[in-house]
1. Taking the conditions exactly as written (surrounded by fewer than 20 Cβ atoms within 10 Å (Cβ to Cβ), within 13 Å of chain B (Cβ to nearest Cβ), more than 17 Å from the chain's Cα centre (by Cα) and closer than 28 Å to residue A:182 by Cα), does residue A:63 satisfy them or not?
2. Please go through the range A:14-38 and give me each residue that is within 20 Å of the chain's Cα centre (by Cα) and within 14 Å of chain B (Cβ to nearest Cβ), ordered by number.
3. Which of the residues that make up the range B:66-105 are within 30 Å of residue B:192 (Cβ to Cβ) and within 14 Å of another protein chain (Cβ to nearest Cβ)?
4. Yes or no: the range B:75-85 includes at least one residue that is out of contact with any helix residue (DSSP H, G or I) (no Cβ under 6 Å at 6 or more places or on another chain), free of Cβ contacts under 8 Å to residues at least 12 places away in the same chain and surrounded by 15 or more Cβ atoms within 10 Å (Cβ to Cβ).
5. Looking only at the range A:86-112, which residues are touching a helix residue (DSSP H, G or I) at 6+ places or on another chain (Cβ under 8 Å) and more than 22 Å from residue A:49 (Cα to Cα)?
6. May I ask you to verify whether residue A:140 is surrounded by 14 or more Cβ atoms within 10 Å (Cβ to Cβ) and touching a strand residue (DSSP E or B) at 6+ places or on another chain (Cβ under 6 Å)?
7. Looking only at the range A:89-122, how many residues end up being within 15 Å of the chain's Cα centre (by Cα) and either under 30 Å from residue B:12 (Cα atoms) or free of Cβ contacts under 8 Å to residues at least 12 places away in the same chain (or both)?
8. Please tell me if residue B:172 is in a strand (DSSP E or B), crowded, with 22+ Cβ neighbours inside 10 Å, more than 13 Å from chain A (Cβ to nearest Cβ) and touching a strand residue (DSSP E or B) at 6+ places or on another chain (Cβ under 6 Å).
């Protein structure tokens, strides 16, 4: 682990980093139970498309250090529902995240453990602040291009994917009449407190 | 203070944020004792040019929250020495900072309290990781354009400008034969430990 300052570069056209420690490739099969249209999910599973990728710089998981990297959500739909990331709370709930959108168009679907929700649009050069306690999922609403974002979050945050896997997000982003529409998730379950 | 997610946009051409809480405008007169050429400093003081600007989003100064915004260093020199920021350690030394360069060319001059130093180049789409404990100063080495960077750092970091004001940075960036050159600062003083 480098304790010395370092630089690397983001290639926006090639959607990669000149240096990275981790490359996550997430396919549809990792999203069991997350898509509303279970029939479309089953049908698409035979192709098992790549929904999104993450390139990350590893840092020690300590308060004061910052994880950073890029997320690429590919264009596509499962039924009416756009390609999206798994979405997660931070294990250490009281940690924020900052996104800088480099390319494409999308939405960030967010919610708190208490069930408050928010959806914010993402476009090139928009910055999104996800405050502490808000789970977040990136959705690519542009049918023709990847959604590419640079992210920074505290290195001690950790990831809790399980809560979203069990409870879902309160809101879904579906394509209706050629446009993204935010609709309530009929299968969402409030967390027990 | 918003506890709700929010977005804003960076205008790279206009070098501003669509929303911000703080706009710092730093002129030469704030840089007393920092430039090597004291005669050139005195001469330029009559004009007192703006060396750099910062637009920042305020967040609660708590671990887990993230400050973010943009820094703009204007082109110019005081004698042979480029326009630059004051430079600082974080009060909470064990906090990192991430820079994403949006425009222009520059160098980040860095050092630890023990006197270890590093200088890294900045160009569009380059990301710089400043690890915990490293003081940092941005220098614009492009005589024709502003240096524009997006930054993120832990909101509890705080700023210690005084140490650099008293001790200087170990290295200076001067223009020699039309090119930036890194030279030792003859007035640098090791911190007492």
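1. no
2. Of everything in the range A:14-38, those that are within 20 Å of the chain's Cα centre (by Cα) and within 14 Å of chain B (Cβ to nearest Cβ) turn out to be A:14, A:15, A:16, A:17, A:20, A:21.
3. Passing the criteria: B:67, B:87, B:89, B:90, B:91, B:92, B:93, B:94, B:95, B:96, B:97, B:99.
4. no
5. Result: A:89, single match.
6. It is true that residue A:140 is surrounded by 14 or more Cβ atoms within 10 Å (Cβ to Cβ) and touching a strand residue (DSSP E or B) at 6+ places or on another chain (Cβ under 6 Å).
7. Step one: of the range A:89-122, the residues within 15 Å of the chain's Cα centre (by Cα) are A:89-90, A:96-111, A:118-122.
In the following step, the residues that additionally are either under 30 Å from residue B:12 (Cα atoms) or free of Cβ contacts under 8 Å to residues at least 12 places away in the same chain (or both) were identified as A:96-110, A:118-122.
Selection size over the range A:89-122: 20.
8. Taking the combined requirement at face value, the residue satisfies it.
The values are calculated or read from the model by the stated rules, or taken from the named source; none is laboratory data. Here the structure is a predicted model, which means the values were calculated and not measured. Don't worry about glycine lacking a Cβ; one is built from the backbone with ideal geometry, like all the others, and counts go over all protein chains shown.
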